[in-house]
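Q: If you scroll down you'll find the structure; I have some questions about it.
The values are calculated or read from the model by the stated rules, or taken from the named source; none is laboratory data. Keep in mind that this is a model prediction, so the values were computed, not measured. For neighbour counting, all protein chains shown are included, and Cβ atoms are generated from backbone atoms with ideal geometry for every residue, glycine included. To get the accessible areas, we keep the full protein, side chains included, count just its heavy atoms, and leave off ligands, DNA and RNA. Shrake-Rupley method; radii C 1.70, N 1.55, O 1.52, S 1.80 Å.
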Amino acid sequence: MLLPDCDQCGFTSCLVRHGTVVGLLRKYAAEWQRVLTGPGLGGRRAGVPHWSPLEHGCHVRDMCLLFHKRLDAIFGTTPIAPDHRTAPYVGLAAERPDVVRRYRDEEPRQVAEELGWAAEALARRLATLTADDWDRDGAGLADSRLTVDFFTRHLLHDIAHDLAEVQRGDRSDRARPETAARHNSE
């Protein structure tokens with residue numbers, strides 16, 4: 001199932017092919033790393049219901065880590081999500097991707113490293129999928145159109161959308177006040 005085209009970020013679902021997923025993920029991760037290590041990040045701010053570039057980057061890192069759990073659930077396999085003990089960094093994101101942290105308090109360069117590692121681990125896993133794997137759906141899902149292909153397109157769109165939002169400097173089109181409040185509560 002294809003996603004509708006997005007006028008805000010330019011993501012076009014029909015252009016995403018199984019053979020391009022890994023390259024797109026790596027491309028987006030590299031762009032995110034440039035954002036997170038670039039000058040003038042200005043990632044720390046409080047009391048604003050919109051995410052900063054740093055917070056968006058943390059979210060993208062965590063989406064890549066948590067996507068492994070979605071794949072594990074769909075394939076009904078023993079979890080093979082990345083193990084923090086084998087990661088090239090020791091960060092809370094790898095140890096406990098399910099723990100809500102204050103994204104604004106994280107270090108941008110560390111997030112850039114973690115995002116790169118998480119995206120690469122996911123890219124390698126996606127590269128191993130067969131044609132049949134892309135069509136697999138989750139056993140407990142009500143709609144059989146919700147396949148690995150669909151969820152992967154959705155993930156790529158979310159990553160691209162957040163990136164475009166940050167690059168525009170406009171965080172108003174897709175504010176996440178409830179999530180931002182949760183991640184930034186003191």
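Q: Step by step: first the residues of region 55-66, then only those that are crowded, with 23+ Cβ neighbours inside 10 Å and either out of contact with any helix residue (DSSP H, G or I) (no Cβ under 8 Å at 6 or more places or on another chain) or more than 14 Å from V166 (Cβ to Cβ) (or both), then the one that is modelled with the highest pLDDT. Which residue is that?
A: Among those that are crowded, with 23+ Cβ neighbours inside 10 Å and either out of contact with any helix residue (DSSP H, G or I) (no Cβ under 8 Å at 6 or more places or on another chain) or more than 14 Å from V166 (Cβ to Cβ) (or both), it is C64.
Q: What number of residues within region 17-54 satisfy the criterion of being surrounded by 13 or more Cβ atoms within 10 Å (Cβ to Cβ) and modelled with pLDDT under 90?
A: Matching residues across region 17-54 total 9.
Q: Also, quick follow-up: Against the condition open to solvent by 80 Å² or more (accessible area, probe 1.4 Å) and either at pLDDT 95 or above or at negative phi (or both), how does D98 come out, does it pass?
A: For D98, the condition - open to solvent by 80 Å² or more (accessible area, probe 1.4 Å) and either at pLDDT 95 or above or at negative phi (or both) - is met.
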